[in-house]
Amino acid sequence: MNVTFEDIKKNERIMQLVNKANENLGIIGYTEHGARHVNYIATIAGRILAGLDYPSERVELARIAGLVHDVGNMFNRKYHSLTGSVILFEELQKIGMDFDDVCDICSAVGSHDEEIGAPVSDLSAALIIADKVDAYKARVRKESYSLAGIHDRINLSIYETHVTVNKEKKQIVWEMRMKDHATPMEFMEIYFSRMRMCEKSAEFLGCRFKLVINGLVMNQLGEER
Ligand SMILES: [Fe+2]
Ligand SMILES: [Fe+2]
């Protein structure tokens, strides 16, 4: 690979796309999708592949995919995974990225949305899990949040979140704690399909996805802990 995570982070055009996408989503009432979100996704996607001993190039590409995955929201929320991959297909070639890497990143970005996506590669599986587990109080936009909205209530309620990879047990674990504004039942109501997508993605990586809310394992039988 010839273009690094730091190169992309310093690329003004791409970071402008990230910021514009986030601004547009703010205007139509979505939670934070800006620098905090994409850097967190980059970190977690990289950590997942690193924790499973993938080569450092794949870890770096997963981090890049995390950083750029939501740029399609600059066009429209609907089908943003597809529009994002089309934008990136041009932009990443413009900066001279190896064509193989461009294709891998665009496949991962194009497959990350739960409405139309599914894991198609190691990068894609890591990106999906990282993206779907970013529920946290910091995602609520302080200037415009509403406790009438279930997404804001759920995010606001999550005050602790940890993703760990256990290579020996072949487990990717999301452990989080929530209180005050929303219940685990409400979380499951909104996040069920995303959690299923995490399970499929973990399977793609030869692992199981374990969801733990307030200390309770939500998706495994008691004896499998
Ligand atoms: Fe997205
Ligand atoms: Fe995202």
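Output the DSSP H helices from the chain with an along-axis C-alpha extent of no less than 20 Å and a mean Kyte-Doolittle hydropathy no less than 0.5. Mind showing how you got there, number by number?
Working: long enough: 12-27 (22 Å, -0.33); 35-51 (23 Å, 0.60); 80-94 (21 Å, 0.17); 184-204 (28 Å, -0.31).
Counting only whole DSSP H runs, the qualifying helices are 35-51.
With each label modelled as a point 7 angstrom along the Cα→C-beta vector, the Lys170-Ser193 pair spans 2.9 nm.
So what's the chain giving for Cα Rg divided by 2.2 N^0.38 Å, two decimals? Working shown, then result.
On the way: Rg = 16.9 Å, N = 225, 2.2 N^0.38 = 17.2 Å.
Output field value: 0.98.
All other residues with a Cβ under 15 Å from the Cβ of Ala118 taken together, and with Lys, Arg as +1 and Asp, Glu as -1, what is their net charge? It works out to a net charge of -3.
Label positions at Lys10 and Arg77, each projected 7 Å from the Cα along the C-beta direction, are separated by 3.6 nm.
Which entries in the list Lys94/Lys132; Lys20/Lys142; Lys169/Lys200 go over 21 Å, if you measure between the two C-alpha atoms of each? Spell out each step's value before the answer.
On the way: Lys94/Lys132 30 Å; Lys20/Lys142 18 Å; Lys169/Lys200 17 Å.
Result: Lys94/Lys132 exceed 21 Å.
Straight-line cross-link partners of Lys210 among the aspartates and glutamates, defined as a Cα under 19 Å from its Cα and at least 8 positions apart when in the same chain: Glu114, Asp122, Asp131, Asp134, Glu160, Glu168, Glu175, Glu186, Glu189, Glu199, Glu223, Glu224.
Would you tally the net charge around Gly46, using a Cβ to Cβ cut-off of less than 10 Å, leaving Gly46 out, and scoring K and R as +1, D and E as -1? Mind showing how you got there, number by number?
Numbers: positive: Arg47, Arg58, Arg63; negative: Glu60.
Residues near Gly46 contribute +2 overall.
At 7 Å along Cα-to-Cβ for each site, give me the label-to-label distance between Ser144 and Glu57 in nm. Using points 7 Å along Cα→Cβ, the separation is 4.2 nm.
Would you list, by chain and number, the lysines whose Cα falls below 18 Å from the Cα of Lys179, excluding same-chain residues fewer than 8 positions away? Lys179 reaches Lys137. For chymotrypsin sites (Phe, Trp or Tyr not before Pro), no site in segment 116-171 is both called loop by DSSP and has at most 14 other Cβ atoms within 10 Å.
Readers should treat all values here as calculations from the given coordinates under stated rules, not as data from a laboratory. Keep in mind that this is a model prediction, so the values were computed, not measured. Every residue, glycine among them, receives a Cβ derived from its backbone with ideal geometry; neighbour counts consider all protein chains shown.
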